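Below is one structure, written out as structure tokens, with a few remarks after it.
The values are calculated or read from the model by the stated rules, or taken from the named source; none is laboratory data. Note that the structure is predicted; figures quoted are calculated from it, not measured. All Cβ positions, even for glycine, are placed from backbone atoms using ideal geometry, and neighbour counts span all protein chains on display.
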Amino acid sequence: MATARSSLRKSRFGALPWIGPAVTMIAVMVLWPAIEMIRTSFQNVDQTGFTKGWNGVANYRSLIHNPDLPGVLSRTLVWVTVVVIATVLISLPVAQLLNAKFPGRKLVRYAIIVPWAASVVMTSTSWKWILDGYYGVLNKVLQDFGLIKEPIDWLGNPNQAFIWLMVVAVFVSVPFTSYVILAGLTTVPGDILEAATVDGADGFQRYRTIIFPLLRPALLVSMVINLINVFNSFPIIWVMTTGGPGYLTDTTTTLAYKISFRDQDIGQSASMATVNFCIVLVFIVVFLKVSKWRETSE
Amino acid sequence: MTTLVMPRKKKRFTGKKVSLTISGWIIGFIFIAPYAQMLLTSLKPKSEITAIPTTYLPYKWTWSNFVDVWHVLPLAGYLKSSFLISLCATLLVLVLAVPAAYYVARNKFRGRTAFLLLVLITQMFSPTALVVGIFREIVKFHLVDTYLALILIYGAFNMAFSIWILSSFFKSIPVEIEEAAWIDGATRFGTLRRVILPLALPGLVTAFIFTFISAWNEFVIALTLTSSPQREPLTVGLTSLIGQYQVQWNFLFAGSLIAIVPVVILFALIEKWLVGGLTAGSVK
């Protein structure tokens, strides 16, 4: 025991060798780029990436005057709101289903893991092919059921394309969310549910008064994590429409990328990215609040 | 009481069970459908890909596509890049995360809260949000178009998850086991290596697989930082085919499946540990 004590005490001096390398790594590869990005947003950078001195808020001014910005902003709001809410609304019954016993449940559970594990880029590629205007299987199915007469170029029209982008975003977000809710569901004590049944509570009443309140923490946490992921989502839009036609299916995340790596306006792009960065920071504060609320209630 | 309730319950159950089973299978089908479509497309001959009307099943099952894909596309090169980058990033993460997680699990120290906060915030930030800054930094370091750049970035951004999951595993190991080893004269590092790590093996495996997969699947940073085809990982290499005049969808999807299948199997192995790690201990 004495050895243990002294060993513990000795380690108090040595926090650095244990956590130092990890902290350095995070500082250099995460914090540095963040600072570099914010700095760039106040600099005058030419097309080749060469810095020509400070620029005040000129980059932000050119961002505000970017004619595509209003559309992109409102689309981002729709994107985040619709995808996150739809994801949660679909994940609740899916989790319930995964928690129930039926033949083949294991297989269904594995099936739902696939979009979570597979690269989103490749999933989006498959969707792009399914929605193809000439050879896509969706048109084929709809025609065979007599729902449409002529094949539709689903990704050709920006409004329609954007709806499909949101569908795919929900598709890749539901698995993770369902599993988080499922983890919450398994904490619901079976005997309480049984007691409620004996007392004559029907399925909906049990869900509303017992299951749902117990799920709230899991639900809140998964919602905030989704909020961040969906806001930062890039591959779906990039693969399926590249934000096009023009900028008509861009969100602020893909817009920042496009301004930088296609239009070569690095200063303006950094200002857009910095705005995005601040939005994510706000989401993180919300996350901390939400999960702390859970910690104190534990 | 049970006997009174049972008959009524049983009768309701069968109808409910049928509808449960049907909806379960429908949900499962929906989530597997895009990958099934990938498989079916990858098994069609070239002529059938662009045939109208579209076929559901391949008219001619062309299993040889999975052989031909290796010389039609530079698939071996993509695989090599993906594998090297993911493996090195994963090893880097483990080497740095294990001591940090162990220390955090066992000690209270000044700055512990700050450290945990830093880890949590990093976990929330995807590299996508910082890609402009990352690119500028990598240019400054003269690391554009190198494996090293991707390894360092993936390592840093995945550190958080591994620290979380490992420290929760370390915490669950009773401290008495360590104390016994110390009394026997083992050093702190020796205890970690010989006593703790073997006991925390499921945690190590989870951290390993999770980091490997997220490096394997990453797209934005690889797209931005690689410029020569022989250094492109799978995600970038395969999607670069879409922009081409004539997309060879059958080979593209054969390649995609070769990339996806092993990863899905690995993922299924660690599924039960994932939720806790991803929600950073806020959901039990």
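Tabulated data for the structure shown
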| read-out | value |
| --- | --- |
| Single residue of B:R106, B:R110 found to be modelled with pLDDT under 90, of a type in the set (K, R), crowded, with 16+ Cβ neighbours inside 10 Å and out of contact with any Lys or Arg (no Cβ under 7 Å at 6 or more places or on another chain) | B:R106 |
| Residues of the stretch A:46-59 satisfying the condition of being closer than 16 Å to A:K258 by Cα and surrounded by 15 or more Cβ atoms within 10 Å (Cβ to Cβ) | A:N59 |
| Evaluation of A:L281 against (1) more than 25 Å from A:F42 (Cα to Cα); (2) under 17 Å from the mean Cα position of the chain (by Cα); (3) not small (G, A, S) (one fails), failing number | (1) |
| Of all residues making up the stretch B:200-224, the number that are farther than 21 Å from A:A117 by Cβ, assigned to a helix (DSSP H, G or I) and more than 14 Å from chain A (Cβ to nearest Cβ) | 1 |
| Considering residues of the stretch B:225-246 that are surrounded by fewer than 21 Cβ atoms within 10 Å (Cβ to Cβ) and in a helix (DSSP H, G or I) only, the residue nearest to the other protein chains (Cβ to nearest Cβ) | B:S240 |
| Test: residue in the stretch A:244-265 that is more than 8 Å from chain B (Cβ to nearest Cβ), touching a strand residue (DSSP E or B) at 6+ places or on another chain (Cβ under 9 Å) and surrounded by 19 or more Cβ atoms within 10 Å (Cβ to Cβ) | yes |
| Helices (runs of 4 or more DSSP H) lying entirely in the stretch B:105-178 (those with 3 or more residues that are touching a residue at least 40 places away in the same chain (Cβ under 8 Å) and either among the hydroxyl-bearing types (S, T, Y) or more than 8 Å from chain A (Cβ to nearest Cβ) (or both)) | B:147-171 |
| Selected residue [in a helix (DSSP H, G or I) and either modelled with pLDDT of 90 or more or within 11 Å of chain A (Cβ to nearest Cβ) (or both)] from B:Y78, B:Y56 | B:Y78 |
| Yes/no for A:V174 being within 13 Å of chain B (Cβ to nearest Cβ) and more than 14 Å from A:V114 (Cα to Cα) | no |
| Filtered residues of the stretch A:177-218 (kept if within 13 Å of another protein chain (Cβ to nearest Cβ) and of a type in the set (S, T, Y)) | A:T177, A:S178, A:Y179, A:T186, A:T187, A:T197 |
| Residue count for the stretch B:123-173, restricted to those that are of a type in the set (S, T, Y) and buried (at least 23 other Cβ atoms within 10 Å of the Cβ) | 4 |
| Unmet criterion (only one of (1) of a type in the set (A, V, I, L, M, F, W, C); (2) at the interface with chain B (Cβ under 7 Å from one of its Cβ atoms); (3) surrounded by fewer than 19 Cβ atoms within 10 Å (Cβ to Cβ); (4) over 24 Å from B:I209 (Cα atoms)) for A:I163 | (2) |
